[in-house]
Amino acid sequence: MKPLRIAALGILGLGFLAATLTLYQVDTTEYAIVTQFGRPVRVLEDPGLYIKAPDPIQSVLKISKQIQVYNLLKTEFLSSDKKNIMVEAYATWQVTDALAFLKNVNNLRGAGTQLNDIIKAELGAALGQVELSSLVTVDASQARLSDTLNTVKERAAARTGAYGFTVTDVQLKELTFPEANLTSVFQRMRSEREAIARQFRSEGAEEAARIRAEADTEKAKILAAANRESSETRGTADAEAIAIYASSFGKDKDFYRFSRTLEAYDKFIDEGTTLILPADSELLQYLDPRNALRLPSSATATARSLASPPEIAIGSEFEK
């Protein structure tokens with residue numbers, strides 16, 4: 001039994017070794033290139049389990065399909081208006097032709113070397129056609145940074161296609177300026193913001209003036225309506241008062257004259273009043289007790305109550 005068991009184990013071991021040397025798996029995130037004595041003979045893009053001749057006859061080289069990121073170190077460029085800028089960028093790229101990639105750049109390091117030269121050259125060319133004010137601005141209508149980076153991406157993708165990969169995006173991580181340029185850049189940004197602030201203040205003042213004008217117009221309308229209504233009410237009341245006075249005067253002229261005179265007294269005579277009038281003044285006729293017999297019978301008691309009025313100097317008394 002032992003020789004048979006040993007033979008079975010040996011066969012299993014040989015089978016496992018053969019499977020290891022001849023079978024290989026391709027993942028969905030990678031390309032597989034089968035080489036025979038170092039020369040590519042087949043490229044596999046679909047995932048699955050495949051078979052090949054054992055090493056060293058055939059070997060499998062795998063290349064990632066995933067998007068890669070390349071970081072460009074901070075580099076100084078010159079804008080079209082001769083302003084120096086410091087740019088740190090990154091590019092994303094992806095292998096599109098595994099065989100061309102293997103032949104031209106061989107690996108990720110070789111791809112990085114090509115990308116460094118291409119991205120740096122395209123960035124320098126694109127930024128050299130744009131003024132600094134179009135790269136750093138608060139006015140969205142004048143900003144050209146996004147368009148410039150799209151141009152860099154398209155040109156870089158066209159150049160890297162021959163190497164078996166393509167650039168999918170180019171973006172900036174940082175855009176700064178040499179120390180000599182910082183003062184002028186900040187001053188220009190401050191001026192732009194002040195101009196925007198002035199515009200907002202002007203628009204606000206114009207809107208405030210419009211609102212005040214509308215409010216003044218509405219106020220004038222309300223006051224005019226109120227004055228018109230008060231005039232109408234006052235006119236109606238005056239007409240009613242005149243009608244009442246006329247009616248009262250028609251019923252008893254003497255009493256009407258007497259009551260109106262008393263109202264006049266109430267208006268201008270108080271404890272501190274001193275009047276100097278001639279003796280025959282009509283205004284004093286109801287203050288002289290001698291005239292009590294001429295009063296209307298209904299006003300006699302009232303006249304007697306005024307027999308001691310406030311201090312009044314009558315002309316005839318002064319003559320005496």
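The values are calculated or read from the model by the stated rules, or taken from the named source; none is laboratory data. In this text the structure is predicted, and so the values were computed from the model without any measurement. Here the Cβ positions follow ideal geometry from the backbone for every residue, glycine too, while neighbour counts run over all protein chains shown. Heavy atoms of the whole protein, side chains included, go into the accessibility calculation; ligands, DNA and RNA do not. Shrake-Rupley method; radii C 1.70, N 1.55, O 1.52, S 1.80 Å.
Below, the figures for the structure above:
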quantity	calculated
Local electrostatic count, Arg212, Cβ distance below 13 Å [Lys/Arg +1, Asp/Glu -1]	-3
Glu206 accessible area, assembled protein chains, probe 1.4 Å, Å²	130 Å²
Area of Ser281 that stays accessible when all protein chains are in place (1.4 Å probe, Å², to 10)	30 Å²
Residue order for Phe258, Phe186, Phe177, Phe200 - accessible surface, 1.4 angstrom probe, largest first	Phe200, Phe186, Phe177, Phe258
Accessible-area order (highest first, 1.4 angstrom probe) of the listed residues Arg188, Arg5	Arg5, Arg188
Around Gly124: net Lys/Arg minus Asp/Glu count, Cβ-Cβ under 12 Å	-1
Members of Lys62/Lys173; Lys83/Lys120; Lys62/Lys120; Lys74/Lys103 lying beyond 25 Å, as alpha-carbon distances in this model show	Lys62/Lys173; Lys62/Lys120; Lys74/Lys103
15 Å beta-carbon shell around Lys103, net charge (K/R +1, D/E -1)	+1
